[in-house]
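**Q** Structure below; questions to follow.
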Number of protein chains: 2
Amino acid sequence: MSELRVIGLEGLPEIGAGDDLAAELSQAAERAGGLEDGDVVVVAQKVVSKAEGRTISLRDVVPSRSALSIAVDHDPRQLEVILREAARVVRTRPPLVIAETSHGFVCASAGVDASNAPGPETLVLLPDDPDGSAAQLRTRLEDLSGRRLAVLVTDSFGRAWRQGTTDVAIGAAGLTVLLDLRGVRDPAGYELHATTIAVADEIAGAAELVMGKTARVPAAIVRGLELAGEGKARDLVMPPERDLFR
Amino acid sequence: MSELRVIGLEGLPEIGAGDDLAAELSQAAERAGGLEDGDVVVVAQKVVSKAEGRTISLRDVVPSRSALSIAVDHDPRQLEVILREAARVVRTRPPLVIAETSHGFVCASAGVDASNAPGPETLVLLPDDPDGSAAQLRTRLEDLSGRRLAVLVTDSFGRAWRQGTTDVAIGAAGLTVLLDLRGVRDPAGYELHATTIAVADEIAGAAELVMGKTARVPAAIVRGLELAGEGKARDLVMPPERDLFR
């Protein structure tokens with residue numbers, strides 16, 4: 001029987017710059033019964049960014065003229081930070097700014113977020129290299145647990161055409177992120193030529209269901225998958241030449 | 001401890017028009033240990049459509065002039081069916097046609113699919129009323145099991161900006177599809193004003209991870225959620241006036 005378990009990791013302390021996030025995750029996993037070979041450890045971007053010091057105080061931000069000109073319902077200092085993080089602004093409808101980040105992700109506010117920040121007037125930015133963040137966490141968690149693991153770093157993104165956010169992978173290490181079924185045939189022999197499944201994003205969404213947004217459950221274990229591999233979350237970005245919605 | 005279980009429902013027979021899909025799902029669930037109160041039964045659109053007879057033989061299709069003019073790498077009869085199912089063509093890049101369906105969903109080929117079809121030269125269409133399909137399945141499954149259940153009907157959709165498909169909800173009954181956290185505050189008191197989570201789509205993606213595309217696992221149970229409600233999958237469609245990507 002195919003079965004998946006998604007286990008929330010509870011009781012993590014508030015994470016700050018320089019904290020040993022892997023050690024905290026490892027201890028939380030022990031309290032949840034311990035890690036097993038093949039587990040995917042899913043970690044919310046917010047705590048990864050905080051551990052890496054990827055936060056900025058609005059008090060240190062002087063808005064540029066372009067931020068002042070766009071800001072309608074925004075604090076112009078917050079918009080200044082969004083514009084700094086954005087490689088390209090995709091759409092705006094105040095106060096919504098949808099932008100492409102330096103990593104190629106298209107999301108609200110270029111991933112800049114004021115919620116669950118370490119203090120008032122403080123913004124949390126995406127990690128500089130989320131695939132690298134996932135790889136580092138994976139190495140440390142494997143060392144601490146003695147288990148063969150995968151790690152996803154996830155964030156909540158809106159979508160075109162559909163309401164609400166779903167969690168997606170912005171960093172990955174140790175697993176297949178895109179399951180390519182091209183060439184595979186259905187029971188009738190029909191080739192599934194267009195089918196590549198973004199399994200990393202489905203895992204991210206599954207983990208979100210136990211993580212919640214306000215409870216201190218910033219991580220989860222997803223158990224029962226057989227997706228060992230070396231995919232990167234950057235592989236999930238649609239290449240510009242194939243992107244019909246740029 | 002917050003924990004979710006996702007259990008694939010195996011051993012279903014090939015489903016055809018008029019078959020009692022709810023009875024087959026109920027028997028498969030019994031083999032998997034039985035249904036419990038609060039379970040979400042996730043069913044792939046393909047088997048729902050087949051049970052409802054929502055298939056069409058290409059032999060019965062005469063392509064219109066507009067289908068003939070657009071068809072490049074397509075069978076023009078298949079394109080004719082896609083155009084009939086489409087309320088609006090959003091983008092084309094042969095052989096890809098991204099269209100809005102009568103339900104408001106934006107997806108490849110207006111949901112028309114040749115894979116896992118009941119025969120060669122046969123296409124499977126989306127259900128006429130997927131929320132209604134989910135509601136009917138829910139009523140029958142609750143009667144058969146004596147349990148309080150929710151049902152999602154799901155399909156694999158591509159996304160703007162990101163590679164690969166993820167499964168999303170196109171029909172829903174008995175649960176909250178959008179979890180609205182507006183007004184909820186984070187531990188620091190910051191209001192999560194922009195946060196509405198498309199939990200139904202996250203559940204759909206979680207189920208896909210055990211369902212697969214070629215194995216005969218067209219359904220799954222998702223257990224451990226507390227999302228009872230009366231949301232409809234049509235609520236997941238972004239209203240045109242709020243849609244920045246039409």
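We did not get these values from a lab; they are worked out from the coordinates using the rules stated. Since this is a predicted model, take the numbers as computed values, not measurements. Because the Cβ atoms are built from the backbone with ideal geometry, glycine has one as well, and the counts that use them run over all protein chains shown.
**Q** List nothing, just return the count: lysine pairs in the protein assembly as shown, 8 or more apart or interchain, with Cα separation under 24 Å.
**A** 10
**Q** Now for a different question. If you count, for each residue, the other Cβ atoms within 10 Å and average over each peptide, how do B:36-43, B:238-245 line up from highest to lowest?
**A** Ranking, from highest mean packing down: B:36-43, B:238-245.
**Q** Please compute the average number of Cβ atoms from other chains found within 10 Å of each residue's Cβ in peptide A:2-13. Working shown, then result.
**A** Numbers: counts 13, 9, 11, 6, 9, 6, 5, 2, 2, 1, 0, 0.
Whole-number average of other-chain Cβ neighbours for A:2-13 is 5.
**Q** Among A:Ile221, A:Ser69, A:Thr55, flag the residue with its Cα farthest along the positive direction of the charge dipole of the protein assembly as shown, charges on Cβ as +1 for Lys/Arg and -1 for Asp/Glu.
**A** A:Ser69
**Q** Other chains' Cβ within 10 Å of B:113-121 residues: what's the mean?
**A** Per-residue shielding by partner chains comes out at 4.
**Q** At q = 0.20, 0.24 Å⁻¹, what is the base-10 log of I(q)/I(0) for the stretch B:57-112 according to the Debye formula with one equal point scatterer per Cα and no solvent? Please give it to two decimals.
**A** Normalising to I(0) and taking log10 leaves -0.62, -0.88.
**Q** Can you tell me what percent of all Cα-Cα pairs in the stretch B:18-125 are more than 25 Å apart?
**A** Pairs farther apart than 25 Å: 33 percent.
**Q** Per-residue Cβ counts within 10 Å, from other chains only, averaged over B:233-242: what number is that?
**A** Per residue, the number of nearby Cβ atoms from other chains is 2 on average.
**Q** A further question follows. Which loop-located trypsin sites (Lys or Arg not before Pro) does the stretch A:114-189 contain, where loop means any DSSP state but H, G, I, E or B and the Cβ has at most 10 other Cβ atoms within 10 Å?
**A** Loop-located and lightly packed - A:Arg182.
**Q** Further question: Between the stretch B:1-69 and the stretch B:88-157, what is the C-alpha centre distance in whole Å?
**A** About 9 Å separates the Cα centre of the stretch B:1-69 from the one of the stretch B:88-157.
**Q** I need the inter-copy label distances for A:Arg216: point set 7 Å along Cα to C-beta, values in nm with one decimal, smallest first.
**A** 5.0
**Q** Sorted by average packing, counted as other Cβ atoms within 10 angstrom per residue and highest first, what order do B:221-228, A:52-59 take?
**A** B:221-228, A:52-59
**Q** Most mobile of A:Ala160, A:Ala51, A:Ala150 per a Gaussian network model of chain A (Cα springs, under 10 Å)?
**A** For chain A, modelled as a Gaussian network with Cα springs under 10 Å, the answer is A:Ala160.
**Q** Output, in nm with one decimal and in ascending order, the distances from the A:Gly132 label point to the matching label points of the other copies (7 Å from Cα along Cα-to-Cβ).
**A** Inter-copy label distances (nm, one decimal, shortest first): 5.6.
**Q** How far apart, in nanometres, would the label points at B:Asp243 and B:Arg147 be if each is projected 7 angstrom from Cα along the Cα-to-Cβ direction?
**A** It is 3.6 nm.
**Q** Mean projection of the alpha-carbon convex hull of the protein assembly as shown over all orientations, in nm²?
**A** 22.2 nm²
**Q** Same structure, new question: Obtain the nm distance between the two label points defined at A:Thr139 and B:Glu36 by a simple spin-label model: each point lies 7 Å from its Cα along the Cα-to-C-beta direction.
**A** Going by the 7 Å Cα→Cβ label model, 4.1 nm.
**Q** Plugging the Kirkwood radius over Cα pairs into Stokes-Einstein for chain A, at a temperature of 37 °C and a viscosity of 0.692 mPa s, what D comes out in µm²/s?
**A** Values: Rh = 19.0 Å.
D, rounded to a whole number, is 173 µm²/s.
**Q** How much length, in nm to one decimal, is gained on full extension between A:Asp73 and A:Asp128, taken as 0.36 nm per residue of separation minus their Cα-Cα distance?
**A** Full extension of this stretch gives 17.0 nm more.
**Q** From the label point of B:Glu14, set 7 Å from Cα along Cα→Cβ, how far away are the matching label points in the other copies, in nm, ordered shortest to longest?
**A** 6.2
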